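Q: Submitted below is the structure of interest, expressed as structure tokens.
The values are calculated or read from the model by the stated rules, or taken from the named source; none is laboratory data. Because the structure is predicted, anything quoted here is derived from the model rather than measured. Note that each Cβ is placed from the backbone with ideal geometry, even for glycine, and that neighbours are counted across all protein chains shown. Just so you know, the surface numbers come from the protein's heavy atoms only, side chains and all, with ligands and any DNA or RNA stripped out. Shrake-Rupley method; radii C 1.70, N 1.55, O 1.52, S 1.80 Å.
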Amino acid sequence: MTQKTGITRRGALKMGLGSVAAAGLMARPIFAQGAPVRIALAAPMTGDSASMGLNAQRGAEAAMKLIEAAGGPSVTFDIFDDMGQPREAASVARRIADSGDYDLVVGHVNSSCTLAAMPIYSDYEIPVLCGSSSNSQVTESGWDNIVRMTIRDDYGAQQYSAFAVNNLGKKKMAILFANDDYGRGLRDKMMVAADALGAEVVAEAGFTPNLDKDFSSIVSQFRNAGAEAFMLNCNYTEGGLFLGQAKSAGVEGIATVGPDSLLYNEYIELAQGAAEGSYILAAYDPYADSDTTQAFMSGFREAYDALPSQVAVFTSDLFILAHQLMAAGSTPKTLIGDIKGTEFVGVGGTYHWDAKGDVKDRTFAVITVKDGKFASTGAAVDETGLDALR
Amino acid sequence: MAMTETFRTPFTVKFGPWLFLILMACLPLVLPGRFWLHIFSLTMIYAIFVLGQNVVTGWAGMLTLGQAAFVGMGAYASVLLTMQAGLSWPLAFLASGVICAACGAALALPCLRVKADFLSLVTIAFNQIFFMVANNWMELTRGPMGIPGVPSMQILGWKARSSSDQFWLILGVAAILFFLVARLMHGQLGRTMKMIRDDEVAAGALGVNVTGYKVLAFAIGCGVCGLGGSLYGHYMRFVSPDMFKLEESLLIMQMAILGGLASMPGCALGAFLMIMIPEALRSSEPWLITIRPGVAGATLVALMIWRPNGLLGFGQMPRSIRRLLRLEKEARP
């Protein structure tokens with residue numbers, strides 16, 4: 001067998017192309033220390049999920065103050081409204097990508113919007129730092145330009161179920177879920193987790209978010225099925241209404257477990273006392289003792305007279321993370337790789353990322369309602385029996 | 001004298017569409033960046049939806065408010081046929097048109113028992129039913145999670161990857177659909193539909209099969225929307241039930257009204273304005289973000305006051321413009 005040596009035409013062409021590309025890279029200005037970091041914040045500022053967009057904006061504004069105090073390159077950001085609609089998200093993504101004005105994107109919030117926008121960001125190789133899109137497909141679709149802060153639906157569902165079964169000792173679960181990508185995703189994974197944990201889902205009911213307000217028939221369905229734990233896979237409005245209506249129907253004292261979409265004061269108000277003793281497993285603990293968290297919480301309360309939601313905290317942490325890494329010499333091209341290799345301590349706690357861009361080794365903070373207020377319990381989820389699912 | 005004069009098609013009508021097509025085809029060469037190309041691609045896709053709406057509402061005079069259901073049906077059919085059944089995109093595209101035309105005809109039958117406002121209600125209900133089915137039939141549609149990773153449009157091995165490729169492909173499909181529908185609507189079929197629209201009783205008395213033509217209008221209109229839906233799904237590369245809610249039907253109807261019912265150029269103009277106005281207003285300014293969703297509605301209210309037949313509704317077009325376009329002869333002294 002003869003081995004080809006010397007320069008072939010194809011080889012020469014490759015070398016030529018390679019040197020042109022290298023020259024292009026060298027000519028490209030290296031991200032200078034002191035140059036501003038330009039962020040596009042994509043969130044639903046209008047429409048059904050506008051409250052999440054508002055929280056994202058406030059989180060960004062809160063982060064800007066912390067960034068200014070920390071020094072280093074300045075950060076500028078522009079808000080792009082995706083209205084919580086996939087079509088708008090795709091337009092927003094093209095607009096951001098086409099302008100060439102941004103180093104990175106923080107967003108989107110709704111999973112469906114992130115899924116619609118990602119093919120475009122991926123084509124343009126724009127780094128995407130996603131806060132709250134929890135659908136597992138976001139990091140399972142093969143895009144290598146995204147990392148996210150929130151804990152995936154499938155992992156979350158396992159944790160909520162394990163808490164109800166192992167920590168609270170409840171074996172008969174009734175699942176209430178919002179029939180959207182979030183609630184439905186949780187419900188599907190919860191069914192699998194319940195099975196692995198040896199628990200039984202005795203009843204389940206879906207509702208249309210922002211439309212259904214009467215849960216009385218679901219309450220009686222859950223009561224008749226002999227539910228020992230209510231698993232609420234929905235946001236605070238419906239979660240609170242459901243508990244309030246259950247109380248009116250005389251169904252009280254049933255263990256309740258839900259995600260941090262319930263972590264709003266309105267949940268307690270709407271439940272009319274029935275939220276007392278219910279558990280919320282949050283991806284971050286707003287009542288944690290850490291100085292960073294407390295400083296952020298008091299600053300946020302002072303500025304907006306409101307508790308920051310998960311979206312606000314993640315947006316703020318993403319801004320600070322991007323700023324830290326860019327100040328340390330990351331470029332838009334290397335940012336995602338650098339994030340995956342770093343450990344970041346933010347308001348929401350400590351984050352690490354895996355190769356897909358999901359956070360790893362994150363644990364849920366267990367928060368309860370005590371005397372009409374949210375309070376941290378300091379408890380940890382007992383994960384016995386979850387090994388089979390990993 | 002006037003009676004013996006032969007009618008000659010005005011040159012604006014004869015060559016205008018071709019000129020427009022050539023200008024549109026040149027857009028990717030002159031537009032800066034890919035964002036505006038995306039907006040024009042989206043406009044053309046919506047113009048196809050409006051065309052479908054116009055066949056039913058503009059020419060046949062039936063006020064339907066559920067076209068998004070057919071758009072969604074076309075999108076889901078095409079996406080599932082390519083991804084699950086392994087069909088090539090052109091076949092899935094044609095199949096989605098046929099499926100939607102058949103469903104449109106099937107929906108027409110109960111619809112024809114009701115008139116005017118009630119017809120709107122039936123079609124609104126149909127839109128809701130479609131949304132509920134798409135949202136809950138997990139095994140087929142993946143429900144509210146939607147279907148990500150939809151392949152791009154592909155014809156005989158050629159894949160529309162870049163924005164310009166997609167733009168030209170959509171332009172080609174839109175041009176063919178507009179040409180075909182224009183041939184139908186300016187011919188015997190369209191004239192009969194208009195006749196039914198203007199006076200159903202008189203048309204029936206003259207022996208026109210009113211029911212048959214109405215069912216046909218539904219089939220054509222919904223079929224066109226289904227074809228547009230196939231383009232939409234493969235262009236967005238993601239489908240979810242949220243994209244085909246009642247609001248989307250209302251948007252398509254608004255576009256049809258804005259452009260002018262029963263007007264071919266009106267379909268394109270309505271879609272263009274209703275896509276372009278919100279895009280032009282897209283900004284980071286908080287006050288602009290707040291008022292943006294309301295601007296389209298305000299435009300429509302203004303239009304209803306000053307131009308109730310739409311911008312290009314024939315009867316409403318100012319005489320000076322009609323003369324300029326040689327659609328009407330100079331008034332003789």
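Q: If you check B:Leu63 against the conditions, is it surrounded by fewer than 24 Cβ atoms within 10 Å (Cβ to Cβ) and touching a Ser or Thr at 6+ places or on another chain (Cβ under 6 Å)? Reasoning before the result, please.
A: On the way: surrounded by fewer than 24 Cβ atoms within 10 Å (Cβ to Cβ): yes; touching a Ser or Thr at 6+ places or on another chain (Cβ under 6 Å): yes.
Yes; evaluated as a whole, the condition is true for this residue.
Q: Does B:Ala134 satisfy the condition of being within 14 Å of chain A (Cβ to nearest Cβ) and part of a helix (DSSP H, G or I)? Let's see the steps before the verdict.
A: Numbers: within 14 Å of chain A (Cβ to nearest Cβ): yes; part of a helix (DSSP H, G or I): yes.
Yes.
Q: Which one is farthest from the other protein chains (Cβ to nearest Cβ), of the residues in the stretch A:74-111 that are open to solvent by 10 Å² or more (accessible area, probe 1.4 Å) and assigned to a strand (DSSP E or B)?
A: A:Val75
Q: Okay, next question. Return the residue satisfying two criteria in turn: it lies in the stretch B:137-157 and is outside any helix (DSSP H, G or I) and of a type in the set (S, T, N, Q), and of such residues it is nearest to the other protein chains (Cβ to nearest Cβ). Break it down stepwise before answering.
A: Quick first cut of the stretch B:137-157, residues outside any helix (DSSP H, G or I) only: B:137, B:142, B:146-157.
Okay, now just the ones that are also of a type in the set (S, T, N, Q), so B:152, B:154.
Working: B:Ser152: 9, B:Gln154: 15 Å.
Ranking the qualifying residues of the stretch B:137-157, first place goes to B:Ser152.
Q: If you don't mind, another one. Go through B:Leu303, B:Leu246, B:Leu311, B:Leu251 for me and flag whichever is under 12 Å from the mean Cα position of the chain (by Cα) and more than 22 Å from A:Gly53 (Cα to Cα). Let's see the steps before the verdict.
A: Working: B:Leu303 fails: under 12 Å from the mean Cα position of the chain (by Cα); B:Leu246 fails: under 12 Å from the mean Cα position of the chain (by Cα); B:Leu311 fails: under 12 Å from the mean Cα position of the chain (by Cα).
After applying the criteria, what remains is B:Leu251.
Q: Restrict the check to the stretch B:50-60 and report whether at least one residue is in a loop (DSSP other than H, G, I, E, B), under 23 Å from the mean Cα position of the chain (by Cα) and surrounded by 14 or more Cβ atoms within 10 Å (Cβ to Cβ). Give the derivation first.
A: Step one: filter the stretch B:50-60 for residues in a loop (DSSP other than H, G, I, E, B), giving B:60.
Checking the rest, the ones that are also under 23 Å from the mean Cα position of the chain (by Cα) come to B:60.
Those left that are additionally surrounded by 14 or more Cβ atoms within 10 Å (Cβ to Cβ): B:60.
Yes, the conditions are met somewhere in the stretch B:50-60.
Q: Condition first: surrounded by fewer than 23 Cβ atoms within 10 Å (Cβ to Cβ), aromatic (Phe, Trp, Tyr) and more than 13 Å from every other protein chain (Cβ to nearest Cβ). Now tell me which residues in the stretch A:140-160 satisfy that.
A: Hit for the stretch A:140-160 is A:Tyr155, nothing else.
Q: If you don't mind, there's one more thing I want to ask. If you scan the stretch A:235-258, which residues turn out to be at pLDDT below 90 and under 16 Å from A:Pro209 (Cβ atoms)?
A: From the stretch A:235-258, those at pLDDT below 90 are A:235-237, A:252-253; that's our starting set.
Answer for the stretch A:235-258, where residues must be at pLDDT below 90 and under 16 Å from A:Pro209 (Cβ atoms): A:Asn235, A:Tyr236, A:Thr237.
Q: Can you find even one residue in the stretch A:173-182 that is at pLDDT 95 or above, open to solvent by 20 Å² or more (accessible area, probe 1.4 Å) and among the aliphatic types (A, V, I, L, M)?
A: no
Q: Checking the structure you have, find out if any residue of the stretch B:38-47 is within 14 Å of chain A (Cβ to nearest Cβ), among the small types (Gly, Ala, Ser) and open to solvent by less than 20 Å² (accessible area, probe 1.4 Å). Don't jump to the end; show me each part of the working.
A: Initially, the stretch B:38-47 is screened for residues within 14 Å of chain A (Cβ to nearest Cβ), giving B:38-43, B:45-46.
Still in the list and also among the small types (Gly, Ala, Ser): B:41.
Checking which are open to solvent by less than 20 Å² (accessible area, probe 1.4 Å) leaves us with B:41.
Scanning the stretch B:38-47, I find at least one residue that is within 14 Å of chain A (Cβ to nearest Cβ), among the small types (Gly, Ala, Ser) and open to solvent by less than 20 Å² (accessible area, probe 1.4 Å), so the answer is yes.
Q: Across the stretch A:229-269, which residue is nearest to the chain's Cα centre (by Cα) among those that are crowded, with 19+ Cβ neighbours inside 10 Å and acidic (Asp, Glu)?
A: Among residues in the stretch A:229-269 that are crowded, with 19+ Cβ neighbours inside 10 Å and acidic (Asp, Glu), the one nearest to the chain's Cα centre (by Cα) is A:Asp260.
Q: Is it fair to say B:Val224 is buried (at least 22 other Cβ atoms within 10 Å of the Cβ), touching a residue at least 24 places away in the same chain (Cβ under 8 Å) and either of a type in the set (A, V, I, L, M, F, W, C) or under 26 Å from B:Leu303 (Cα atoms) (or both)?
A: The answer is yes for B:Val224.
Q: Further question on the same structure: Considering only residues that are open to solvent by less than 50 Å² (accessible area, probe 1.4 Å) and out of contact with any Phe, Trp or Tyr (no Cβ under 8 Å at 6 or more places or on another chain), look in the stretch A:209-223 and name the one that is farthest from A:Gly84 (Cα to Cα). So that I can check it myself, show each step before the final result.
A: Residues of the stretch A:209-223 that are open to solvent by less than 50 Å² (accessible area, probe 1.4 Å), as a first pass: A:209, A:215, A:218-220, A:222.
Next, from what is left, pick out any that are out of contact with any Phe, Trp or Tyr (no Cβ under 8 Å at 6 or more places or on another chain): A:209, A:220.
Working: A:Pro209: 14, A:Ser220: 33 Å.
Taking the candidates together, the pick is A:Ser220.
Q: Mind listing just one residue for me: the one in the stretch A:114-139 that is part of a loop (DSSP other than H, G, I, E, B) and facing chain B (nearest Cβ under 10 Å) and, of those, surrounded by the fewest Cβ atoms within 10 Å (Cβ to Cβ)?
A: Residues of the stretch A:114-139 that are part of a loop (DSSP other than H, G, I, E, B), as a first pass: A:125-127, A:131-136.
Among the residues that remain, those that are also facing chain B (nearest Cβ under 10 Å) are: A:135-136.
On the way: A:Asn135: 26, A:Ser136: 17.
Going through the qualifying residues, I end up with A:Ser136.
Q: Further, regarding this structure: Determine whether B:Ala85 is within 22 Å of the chain's Cα centre (by Cα) and either at negative phi or among the polar types (S, T, N, Q) (or both).
A: Taking the combined requirement at face value, the residue does not satisfy it.
Q: Residues of the stretch B:267-292 being within 21 Å of the chain's Cα centre (by Cα) and within 14 Å of chain A (Cβ to nearest Cβ), which ones?
A: B:Ala271, B:Met274, B:Ile275, B:Met276, B:Ile277, B:Pro278, B:Glu279
Q: For the stretch A:285-322, what are the residues that are surrounded by fewer than 16 Cβ atoms within 10 Å (Cβ to Cβ) and over 15 Å from A:Ala365 (Cβ atoms)?
A: Passing the criteria: A:Asp291, A:Ala295, A:Ser298, A:Gly299, A:Arg301, A:Glu302, A:Ala303, A:Tyr304, A:Asp305, A:Ala306.
Q: Being open to solvent by less than 70 Å² (accessible area, probe 1.4 Å) and modelled with pLDDT under 90 narrows it down to one of B:Ala182, B:Ala160, so name that one. Explain how you work it out, then say what you get.
A: Working: B:Ala182 fails: modelled with pLDDT under 90.
Sole residue among the options that is open to solvent by less than 70 Å² (accessible area, probe 1.4 Å) and modelled with pLDDT under 90: B:Ala160.
Q: Scan the stretch B:11-27 and tell me whether some residue there is within 14 Å of another protein chain (Cβ to nearest Cβ) and not small (Gly, Ala, Ser). It would help to see each step written out before you state the result.
A: Step one: of the stretch B:11-27, the residues within 14 Å of another protein chain (Cβ to nearest Cβ) are none.
There is no residue in the stretch B:11-27 that is within 14 Å of another protein chain (Cβ to nearest Cβ) and not small (Gly, Ala, Ser).
Q: Moving on. Given the options A:Thr363, A:Thr342, name the one that is over 17 Å from the mean Cα position of the chain (by Cα) and open to solvent by 20 Å² or more (accessible area, probe 1.4 Å). It would help to see each step written out before you state the result.
A: Working: A:Thr363 fails: over 17 Å from the mean Cα position of the chain (by Cα).
It is A:Thr342.
Q: Here is a check on your reading of the model: is B:Met264 touching a His at 6+ places or on another chain (Cβ under 9 Å) and either within 14 Å of another protein chain (Cβ to nearest Cβ) or touching a residue at least 40 places away in the same chain (Cβ under 8 Å) (or both)?
A: So B:Met264 passes the test.
Q: Given (1) under 21 Å from A:Thr114 (Cβ atoms); (2) among the small types (Gly, Ala, Ser); (3) free of Cβ contacts under 8 Å to residues at least 12 places away in the same chain, identify the lone condition not met by A:Ser316.
A: Tallying (1) under 21 Å from A:Thr114 (Cβ atoms); (2) among the small types (Gly, Ala, Ser); (3) free of Cβ contacts under 8 Å to residues at least 12 places away in the same chain, A:Ser316 fails exactly one: (3).
Q: I'd like the full set of residues that are within 12 Å of chain B (Cβ to nearest Cβ) and buried (at least 21 other Cβ atoms within 10 Å of the Cβ), limited to the stretch A:44-71.
A: Within the stretch A:44-71, A:Pro44, A:Met45, A:Ser49, A:Gly53, A:Ala60 meet the criteria.
Q: When you check B:Met236 against the structure, is it crowded, with 20+ Cβ neighbours inside 10 Å, within 14 Å of chain A (Cβ to nearest Cβ) and at pLDDT below 90, yes or no? If you could, list the steps in order and put the result at the bottom.
A: Working: crowded, with 20+ Cβ neighbours inside 10 Å: yes; within 14 Å of chain A (Cβ to nearest Cβ): yes; at pLDDT below 90: yes.
Judged against the criteria, B:Met236 is a match.
Q: Scan the stretch A:170-207 for residues that are within 11 Å of another protein chain (Cβ to nearest Cβ) and part of a loop (DSSP other than H, G, I, E, B) and jot them down.
A: The answer is A:Asn179, A:Asp180.
Q: Which residue pairs have Cβ atoms under 8 Å apart, sit 6 or more places apart or on different chains, and have a first residue in the stretch A:42-58 that is assigned by TED's automatic domain parsing to the domain that holds A:Val109 and a second that is open to solvent by less than 20 Å² (accessible area, probe 1.4 Å) and of a type in the set (Lys, Arg)?
A: That search, which allows pairs on different chains as well, returns A:Thr46/B:Arg292.
Q: Any idea how many residues of the stretch A:148-168 are under 19 Å from A:Asp181 (Cα atoms), not in a helix (DSSP H, G or I) and not basic (Lys, Arg)?
A: Number satisfying all stated conditions: 3.
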